[in-house]
Amino acid sequence: MKTSLEIKQALIQIAERNGRPPFELYFVREVVRAIRSGVYHPMGTVVEAEKIDSDFFATPSLNTKQDQLAAFCAPRGMREILSKNSGVSVSYISSVLSHGTLLTDSAWERLSSAFDRTETEVLRNSRNTKPHGTTTRYNFGCRCADCKSAISSVRKDEYQAKKLKMMTDKYCGVRV
């Protein structure tokens, strides 16, 4: 089973090979519908037998500046940090990434020089900011074995203190 894009590309190749203009959109839709539903269509067998150029489906390489910028700005929040470090506005970076605006050489120089600073800032911010052994109000924090045992021993000590207090109140009548 071929995808609609592969069927469209096969029809384009067939038209080029036969020296005719490309097929109309309604005809392409008919062929796609017929192949998907398994209904006979005169071009269905020809399309199924057509070998598709693999160059058409090749992924674009990161040669262009826009592609490099898009790959760098893919993680969430990267545009804002890159904008702060390079001095280029976020709206300009967004319009370049949506391929609406061409990237100028001066902007590319500022952006590419800020790549390293941005990466180090993101790495610094992504590390665990909680120091070793701290807990939050939900008792989450460092999860190493030392901290887990320390937290459990503190809880154990608190439990033993409460139990001792209850026993002294009960048997001695004296509050400690």
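Structure notes:
- Across the protein chains, with a 1.4 Å probe defining accessible surface, the residues 51, 84, 65, 165 rank 51, 84, 165, 65 from largest area downward.
- Length gained on full extension, residue 122 to residue 46, computed as 0.36 nm times the residue gap minus the Cα-Cα distance: 22.1 nm.
- Here the calculated FRET efficiency for residue 5 and residue 68, from their Cβ-Cβ distance with R0 = 25 Å, stands at 0.45, rounded to the nearest 0.05.
- Aspartates and glutamates whose Cα lies under 17 Å from that of residue 84, excluding same-chain neighbours fewer than 8 positions away: 109, 116, 119, 121
The values are calculated or read from the model by the stated rules, or taken from the named source; none is laboratory data. Only a predicted model underlies this, so the values are computations on that prediction, with no experimental measurement involved. Backbone-built Cβ (ideal geometry, glycine too); neighbour counts: all protein chains shown. With ligands, DNA and RNA removed, areas are computed over all heavy atoms of the protein, side chains included. Shrake-Rupley method; radii C 1.70, N 1.55, O 1.52, S 1.80 Å.
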